[in-house]
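No value in this document is a laboratory result; all are computed from the given coordinates. Not measured: the values here are computed from a predicted model. FYI the Cβ positions are ideal-geometry reconstructions off the backbone, even for glycines, and counts take in every protein chain you see.
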């Protein structure tokens, strides 16, 4: 008998029919003799509906109240899923974040899980119940509701799997695994049977929408075995685990991320500590800065360009403009029409020339590179958004068809 | 400086515009220097939408999961209302039932408030915040979410007013007070400036939809000063309080209640204790039996007819059929097409002939009476639903226009 955590995203529970489908997946596992904990996101468009309702009333509501509103979404989906399981005839109970013992820090809208008190969940599992837990939410030390931000339900699932020492954490989604590139862009993209945590982490950070990077980080840290699989087709997915023989394949995948924007600080005073001040200001404002490019200082000024998630662009600009004196730039520019295209592979570090091969593919496709960033297992470039699909195809061709 | 509890029903917060209107009422009170606690129901059709979603999945879901689902409704409306108040610029915080310390018993779907731990609310009031509390909901001793059933938000408001020793509890609704009859049926119905708890209690029980009877019971018990007023027009409403001079008006109002059905147990064995067994069975099943009529026993059998709320009819029949041996009836009949029409007035007890006058009005209008029930301050009759409006008009005419 195993303990399995299953996570279903919003598209998997978007309507009554899909909810019943998910209920069948869950009860089949339960009937096979396993203990099942389910993490569920809000149904399909619920979150967008809520955001629209809120915007009609207040364009800038407090994040605390926004979290109260958004967290109602999982409360709806989890109770409906529980009703579907009741219909099939299996014992079930749904629990909100606070009922499931999920406590977080107090960064409303982007909270991080601190601890999970599993007492209630364990009690329900001991009573042979299927336990459904609201993803994406918890409470802080003030007993106020928090949400975990983008990909929060993946994180909830992995954190629960870790806290419960589950045998496996299965992330159900609308694709059937992790591919070498987005199959919607690259027709001959190949599904991977398994992938290492590090590779998955980079793929996740770089726009492969199957898993959120925070959840992969957590899985790596607590050694949670993850599987990404389809909630519509019953086929094996991609397993994320420690992969030993990482050198067999240089590049594991090509990704594109449109959720990115660049900010340029033009004419920044060329004094020591300027970059430090700018980026600690942004960090305090909870802005996730990704790639950074600094021009070589000429005379008394330099330019600093960096990338941020698209939805944080506005806050970043505001924060910088409010602190213009500290920033000390002559001009603040920004650009939304960009994409980040990346290659990921754990074998990359020991194989020189991988980056060069990627740049060659881009050059041959006549695509201009605006920023470059490399790590031990990935190379990312920022390019014009209009070129992104062409770039993914060209790079995938270079690495997967010409080898 | 006063502490005022204001309750807004679903129709008062049905859309963004109405939410902003309610926010203005609240902030005007706050700006006048008063402490304000707001109890809010789910927006307009939310509850119906939820019931529909649930019915698509499971026609008979558990009441526990239904409460999880329904309670999301107030979480949505309270956060939106908080955002509207933030927009106006006043400090505000919204609290769910459990955050506001509302604990109930465990009768899901029809729970009763046991205690309110006001610590959190008082802390927020001390910080000069407007406090919004989700009506209709609480948690039981298992930390599970419960809902209070029909009119639950009125009950939440009065219970909070009692626990906080508020100076006043104002119930905002879409009518501007309590009338001598439903103004939609009787054109010349008159608004009452004030009414006694007992009269209001009877009116509420008998279908005057402005206040739920459980909330009036609570108000009477804890001496909470209630006012029913309009959320759309800023005019004085009707105050519910101890009224001394009750004899000045015999009848205070005429009401109609369509939420009623009758059940007949035909050919019940004529042995002692039969009625006791039947009605304790129904009580255990949480069925609210109202009027009871028992035919005089002839030979070995008698008939028992009683009325129940319409939405409990199905459960009542089921319960009786499951226990047919204990009930010992030859046949169970039921009738949905009935209405209860009542007159209420504290002066009634000392004025004989009031009931007769009501029956005379019905006789003149050619309306057949199926059941009769009287108390010290009310007379109710069950009649054909099709005759109900005509009956209200005839009775109102008799008491209010011919006196």
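Of all DSSP bridge pairs formed entirely within the range B:3-174, close to 25 percent run antiparallel. Using a 7 Å projection from Cα along Cα-to-Cβ, the label point at residue B:332 is separated from the same position in the remaining copies by 7.1 nm, smallest value first.
Each copy carries a label point for residue A:300 at 7 Å from Cα along the beta-carbon vector; from one copy to the others these points are 11.5 nm apart, nearest first. Other protein chain C-beta atoms within 10 Å of residue C-beta, averaged over B:3-16: 1.
How well do other chains shield peptide B:62-74, expressed as the mean number of their Cβ atoms within 10 Å of each residue Cβ?
Numbers: counts 7, 0, 5, 13, 3, 1, 14, 9, 3, 4, 11, 3, 1.
Taking all residues of B:62-74 together, the mean is 6.
What FRET efficiency comes out for the pair residue A:332/residue A:34, r = Cβ-Cβ distance, R0 = 45 Å, nearest 0.05? For R0 = 45 Å, the calculated efficiency reads 0.25. Which of B:151, B:33, B:109 moves the most in a Gaussian network model of chain B with Cα springs under 10 Å? In the Gaussian network model the winner is B:33.
For the pair residue A:295 and residue B:107, label points projected 7 Å from Cα toward Cβ lie 7.5 nm apart.
As a proxy for reagent exposure, A:112, B:234 were ordered by neighbouring Cβ count within 10 angstrom, fewest first; the result is B:234, A:112.
Residues within the reach of a label modelled at residue B:286 (point 7 angstrom out along Cα to beta-carbon, backbone nitrogen below 20 Å), restricted to the range B:84-118, are B:97-98, B:102-116.
Cα centroids of the range B:147-214 and the range A:75-103: 35 Å apart. Take the Cα of residue A:60, step 7 Å toward its Cβ, do the same at residue B:1, and the gap between the two points is 2.8 nm.
Residue-level result for chain B: its Cβ closest to the axis carrying B onto A, with that distance in Å, is B:72, 2.
How would you classify the range B:3-174 from its alpha-carbon gyration tensor, with a ≥ b ≥ c the square roots of the eigenvalues: rounded for a/c under 1.5, else prolate if a/b is greater than b/c, otherwise oblate? Since a/c reaches 1.5 but b/c is at least a/b, the shape of the range B:3-174 is classed as oblate.
Quickly rank A:377-383, B:374-380, A:327-333 as a protection proxy: mean count of other C-beta atoms within 10 Å, highest first.
Working: A:377-383: 23.3, B:374-380: 19.4, A:327-333: 15.3.
Most protected by this proxy first, the peptides run A:377-383, B:374-380, A:327-333.
If you count, for every residue in B:19-29, the Cβ atoms of partner chains within 10 Å of its Cβ, what is the mean? Kindly include the intermediate steps, with their values, before the conclusion.
Working: counts 4, 3, 0, 0, 2, 0, 0, 0, 0, 0, 0.
For this peptide, the per-residue mean of nearby foreign Cβ atoms is 1.
When both bridge partners sit in the protein assembly as shown, DSSP labels roughly 60% of those beta bridges antiparallel.
Going from the residue with the fewest nearby Cβ atoms within 10 Å to the one with the most, A:113, A:195 rank A:113, A:195. With an a/c value of 1.5 or above and a/b larger than b/c for the gyration tensor axes a ≥ b ≥ c computed over the alpha-carbon atoms, the protein assembly as shown is described as prolate. For chain B, relative contact order (Cα pairs under 8 Å, six or more residues apart, normalised by length) works out to 13 percent.
Put in line by how crowded their Cβ is, counting other Cβ atoms within 10 Å and starting with the fewest, B:279, B:8 read B:279, B:8. On the beta carbon distance between residue A:235 and residue B:372, with R0 = 60 Å, the FRET formula returns roughly 0.30. In nanometres and ascending order, the distances from the residue B:115 label point to those of the other copies are 2.4 (point 7 Å from Cα along Cα→Cβ).
Compute the helix-to-body angle for B:274-284: its Cα long axis versus the longest principal axis of chain B, expressed 0 to 90° and rounded to tens. That works out to roughly 20 degrees. Compared with the dominant Cα axis of chain A, that is its longest principal axis, helix A:213-222 is turned about 60°. Rounded to the nearest 10 degrees, the inclination of helix A:16-31 to the longest alpha-carbon principal axis of chain A is 70 degrees.
Of all the options B:300, B:209, B:286, the one that moves most in a Gaussian network model of chain B with Cα springs shorter than 10 angstrom is B:300.
Put a dot 7 Å past the Cα of residue B:127, heading toward its Cβ, do the same for residue B:45, and the two dots end up 3.7 nm apart. Would you mind telling me which residue in B:285, B:345, B:149 has the biggest mean-square fluctuation in a Gaussian network model of chain B, where springs connect alpha carbons within a distance under 10 angstrom? Judging by the Gaussian network model, the answer is B:285.
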